[in-house]
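S.K.: Below is one structure. I have some questions about it.
The values are calculated or read from the model by the stated rules, or taken from the named source; none is laboratory data. Quick caveat: nothing in here was measured; it's all calculated off a predicted structure. FYI the Cβ positions are ideal-geometry reconstructions off the backbone, even for glycines, and counts take in every protein chain you see. Remember, those area values only see protein heavy atoms, side chains included, never the ligands or the DNA or RNA. Shrake-Rupley method; radii C 1.70, N 1.55, O 1.52, S 1.80 Å.
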Amino acid sequence: MAKSVLFPLLFITTTVFLGFFISSAESRPPFACDPRNGLTRSLKFCRANLPIHVRARDLIGRLTLAEKIRLLVNNAAAVPRLGIQGYEWWSEALHGVSNVGPGTKFGGAFPGATSFPQVITTAASFNESLWEQIGRVVSDEARAMYNGGMAGLTYWSPNVNIFRDPRWGRGQETPGEDPVLAGKYAANYVRGLQSTTGIRLKVAACCKHYTAYDLDNWNGVDRYHFNARVSKQDLADTYDVPFKSCVVEGKVASVMCSYNQVNGKPTCADPDLLKGTIRGQWGLSGYIVSDCDSVGVMYDTQHFTATPEESAAAAIKAGLDLDCGPFLAIHTDLAVRRGLLAEADVDLALANTITIQMRLGMFDGEPSAQPYGNLGPRDVCTPAHQQHALEAARQGIVLLKNSGSLPLSTARHRTVAVIGPNSDVTVTMIGNYAGVACGYTSPLQGISRYARTIHQAGCSDVACGTNNLFGAAEVAAHEADATVLVMGLDQSIEAEFRDRVGLLLPGRQQELVSRVARASRGPTVLVLMSGGPIDVSFAKNDPRVSAIIWAGYPGQAGGTAIADVLFGTTNPGGKLPMTWYPQDYVAKVPMTNMGMRPSRGYPGRTYRFYKGPVVFPFGHGLSYTSFKHSLALAPTDLSVLLDTNLFATKNYSTLSSNAIRVKHAKCDSLSSLFHIDVENTGNMDGTHTLLVFSTPPAGQKWSPNKQLIGFHRVHVVAGSKQRVKINIHACKHLSVVDEFGIRRIPMGSHSLHIGDLKHSISLQANLEGIKV
């Protein structure tokens, strides 16, 4: 995707308060219901005191079929006779307000916006409150830009697909490989973005891409042609989990269906997925939008129907409300005239989109008179927002290896060689689906605040095709007290529609690292920028590489955060949100195999099912201090109460394989509180991420090896302890999914892995006090 050029002023400083340089921005005119328009201000749909469903029905009833059809696409047309302006639905805010979609642009009073770390980096913080706070900051800036006429209010973010395959170019946009982690990220970021008050939305979020979408372009197979063959089991316990959390917990305003087919049907034309699951089972109160041009792809590329109007009708009848692309605007009219689609189906789609616009206040007249109407240029790139971006980067950095050389000392390491193709980058740090940052601090600039630096790129870019710059890099390393190599990937290696071929460092980067490590007079630290995992086994096993840090894509303040970790101003506490596999893993696993579980020579995927060797495991992350765990309160058994109507209806299938159907258990009473004491036994204050995993009873053929059921980030002063309380809920946390996609609670002894502790809790079925 194209990146905008940052205005020159911001290259010279880390924090620039944009509002300081500008007085004000022109406020936008009302989208609809302008109080100065005598023809429309008294219409029922403009009366904000009426229920929204009444207003939406009134508006739809006034539209002609032609007008309705032009509202089914992202660049919705104006309806001048009703005083309604045109609207661009497509804006993006993955980790900051972005100009990737046509609904948002930078310039004038809004030259940039706060650019947080890429999602995969922020996910490594395992900090739910941070994710929600980032969402609130982004929505402040989005509303401010809307008020200034530079952005919309509908943001097609976050991306909550599972990072199933380490080669996926868009894995960087996701919260990682674990469905519980992805679900919690999704719900918290959505809550922050939408900042719902009653039924009113600050902005409308969108969880994408539903479902089983995690292949872009690999080995001749692209997302437009790919048919993802997914079992009911994997769909229910992996791929759909974050989306369900988005809708049920986050109350998201929108879900986007994906390009690919799932089991032979395009997702955007599958009524079981759209009407049945998203809207029916999960209760979406909002709209469903297609990925851009995917309705056209359904007809032109996948040849799903014989005619384009049949594809248009199939999508709308399946539950699609909005088409990102022109297809529905072109072909819906003929679909209606040929009887393939009723006008009532179009009305239903419009009711879902217009309701969201009304919840956003777009039909309430003057934006300046509404909640958030006071936000403007001074609320974008504020010092507080930029400090949040820095803190997010600090919390997401993961210390992978440390032989004792870190943190560096300003007294002993007065000169630092800073080497590598990512050592002085800026735009690389914000990853993809980014906007224009407020300003940047590169790794070189960040380290320069702590020590005198000697800079050598070593490679002209991350492709690192030649070694002609290696000699100068070796000289620099030999002259310095310490060496920091900043290596890794960028969007030329991993991006949308660009899946990776392998997991090794590109080109001759590995050679550069090894040669510099041999030449270095002091400790050598390897810093990696990437979205996906990299096989750096050579560095992990090389004693001359004394430390390894993964920074992901750390956002506009990435260089400051990296330097703060290197020199101990920040004690790292991040944990890997994905498994780092060895290179030979991908030789055994085609990206097109969607199976999560191992079978017949296929090793399975993610820490939940894969048992083979890894470079670094999911959840790995070191600290400059040490922590000890102890259980202060840990129940050893839990009685699972069953519905009294269960046996009356002779529905004994609930006890299939000694595992109770979740829907047949009295879930409200099935929780146990655990108290865990976390003690900092080292000499440095630190933040510890407590991860809690469960392993079901032995012999359950459906079960993962272990699964994350909860996490908590806690700051502990050196020499002290903090008590963490975690509620374990049997239905949510101790259940598994059988081969039919049915969630069950296995009876018997479940093992809980809490930090370095292991604890067993026994579950037994109970029907009105009678154990069964």
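S.K.: Go through region 507-535 residue by residue and tally those that are in contact with a Lys or Arg (Cβ under 9 Å, 6 or more places away or on another chain) and more than 20 Å from ALA480 (Cβ to Cβ).
M.R.: 2
S.K.: So, one more: Please pick out the residue among PHE711, PHE740 that is out of contact with any strand residue (DSSP E or B) (no Cβ under 9 Å at 6 or more places or on another chain), at pLDDT 95 or above and either assigned by the TED database to the domain that holds SER630 or within 22 Å of TYR607 (Cβ to Cβ) (or both).
M.R.: Just a single option satisfies the conditions, and that option is PHE740.
S.K.: Here is a further query. For THR687, are the conditions met, namely being modelled with pLDDT of 95 or more and either among the hydrophobic types (A, V, I, L, M, F, W, C) or out of contact with any His (no Cβ under 7 Å at 6 or more places or on another chain) (or both)?
M.R.: Considered against the rule, which asks whether it is modelled with pLDDT of 95 or more and either among the hydrophobic types (A, V, I, L, M, F, W, C) or out of contact with any His (no Cβ under 7 Å at 6 or more places or on another chain) (or both), THR687 comes out as no.
S.K.: Name every residue in region 593-625 that is of a type outside the set (Phe, Trp, Tyr) and either open to solvent by 50 Å² or more (accessible area, probe 1.4 Å) or outside any loop (DSSP other than H, G, I, E, B) (or both), in order of residue number.
M.R.: If the condition is that a residue be of a type outside the set (Phe, Trp, Tyr) and either open to solvent by 50 Å² or more (accessible area, probe 1.4 Å) or outside any loop (DSSP other than H, G, I, E, B) (or both), then ASN593, PRO598, SER599, ARG600, GLY601, THR606, ARG608, LYS611, PRO613, VAL614, PRO617, LEU622 are the ones that fit.
S.K.: Which condition number does SER368 fail, the rest of (1) in contact with a Phe, Trp or Tyr (Cβ under 9 Å, 6 or more places away or on another chain); (2) within 16 Å of ALA142 (Cα to Cα); (3) of a type in the set (Gly, Ala, Ser) being met?
M.R.: That leaves (1) as the condition not met.
S.K.: Does region 626-658 hold any residues that are at pLDDT 90 or above and surrounded by fewer than 14 Cβ atoms within 10 Å (Cβ to Cβ), and which are they?
M.R.: ALA632, LEU633, PRO635, THR636, ASP637
S.K.: List the residue pairs whose Cβ atoms are under 8 Å apart, where the first residue sits in region 51-74 and is over 20 Å from ALA329 (Cβ atoms) and open to solvent by 10 Å² or more (accessible area, probe 1.4 Å), the second is assigned to a helix (DSSP H, G or I) and not hydroxyl-bearing (Ser, Thr, Tyr), and the two are 6 or more positions apart or on different chains.
M.R.: From region 51-74, the pairs are ILE52/MET358; ILE52/ARG359; HIS53/ALA351; VAL54/LYS44; ARG57/ALA351; ASP58/LYS44; ASP58/PHE45.
S.K.: While we're here: If you scan region 220-251, which residues turn out to be in a loop (DSSP other than H, G, I, E, B) and either open to solvent by less than 10 Å² (accessible area, probe 1.4 Å) or within 29 Å of LYS706 (Cα to Cα) (or both)?
M.R.: Residues satisfying the conditions are ARG229, VAL230, SER231, ASP240, GLU249, GLY250, LYS251.
S.K.: Quick check, is LEU341 over 28 Å from TYR239 (Cα atoms), modelled with pLDDT of 95 or more and in a loop (DSSP other than H, G, I, E, B)?
M.R.: So LEU341 fits the description; yes.
S.K.: Let me ask something else about it. Here is a check on your reading of the model: is SER125 open to solvent by less than 10 Å² (accessible area, probe 1.4 Å) and among the polar types (S, T, N, Q)?
M.R.: It is true that SER125 is open to solvent by less than 10 Å² (accessible area, probe 1.4 Å) and among the polar types (S, T, N, Q).
S.K.: Among the residues of region 436-445, is there at least one that is open to solvent by 20 Å² or more (accessible area, probe 1.4 Å), touching a residue at least 24 places away in the same chain (Cβ under 8 Å) and within 18 Å of ALA551 (Cα to Cα)?
M.R.: For region 436-445, residues open to solvent by 20 Å² or more (accessible area, probe 1.4 Å), touching a residue at least 24 places away in the same chain (Cβ under 8 Å) and within 18 Å of ALA551 (Cα to Cα): present.
S.K.: Follow-up question, since we're still on this one. In region 664-713, how many are in contact (Cβ under 8 Å) with a residue 60 or more places away in the chain and of a type in the set (D, E, K, R)?
M.R.: Total meeting the criteria: 3.
S.K.: Among the candidates SER448, SER423, SER460, which residue alone is modelled with pLDDT of 95 or more, more than 21 Å from ILE493 (Cβ to Cβ) and among the small types (Gly, Ala, Ser)?
M.R.: SER448
S.K.: Just to be sure before I move on: is TYR585 closer than 19 Å to THR238 by Cβ and among the hydroxyl-bearing types (Ser, Thr, Tyr) in the structure I sent?
M.R.: yes
S.K.: Residues VAL716, VAL724: which one is at pLDDT 95 or above, within 27 Å of the chain's Cα centre (by Cα) and among the β-branched types (Val, Ile, Thr)?
M.R.: VAL724
S.K.: Now, a different point. Can you pull out the residues in region 566-591 that are open to solvent by 10 Å² or more (accessible area, probe 1.4 Å) and either at pLDDT 95 or above or in a loop (DSSP other than H, G, I, E, B) (or both)?
M.R.: PHE567, GLY568, THR569, THR570, ASN571, LYS575, PRO582, GLN583, ASP584, VAL586, PRO590, listed by residue number.
S.K.: Same structure, new question: So which residues in region 400-427 are hydrophobic (A, V, I, L, M, F, W, C), part of a loop (DSSP other than H, G, I, E, B) and surrounded by 21 or more Cβ atoms within 10 Å (Cβ to Cβ)?
M.R.: LEU406, LEU408, VAL425
S.K.: So, one more: Out of all the residues in region 662-670, is one or more in a strand (DSSP E or B) and either open to solvent by 10 Å² or more (accessible area, probe 1.4 Å) or closer than 24 Å to PHE126 by Cβ (or both)?
M.R.: The answer is yes; a qualifying residue exists.
S.K.: Just one of the numbered conditions (1) over 22 Å from GLY604 (Cα atoms); (2) open to solvent by 30 Å² or more (accessible area, probe 1.4 Å); (3) part of a strand (DSSP E or B) is not true of ILE728; which one?
M.R.: Evaluating ILE728 over (1) over 22 Å from GLY604 (Cα atoms); (2) open to solvent by 30 Å² or more (accessible area, probe 1.4 Å); (3) part of a strand (DSSP E or B) leaves (2) as the failure.
S.K.: Taking THR211, is it open to solvent by less than 20 Å² (accessible area, probe 1.4 Å), closer than 13 Å to HIS95 by Cβ and in contact with a strand residue (DSSP E or B) (Cβ under 9 Å, 6 or more places away or on another chain)?
M.R.: no
S.K.: Scan region 84-108 residue by residue and report those that are over 25 Å from the mean Cα position of the chain (by Cα) and surrounded by fewer than 22 Cβ atoms within 10 Å (Cβ to Cβ).
M.R.: GLN85, GLY86, TYR87, GLY107, GLY108
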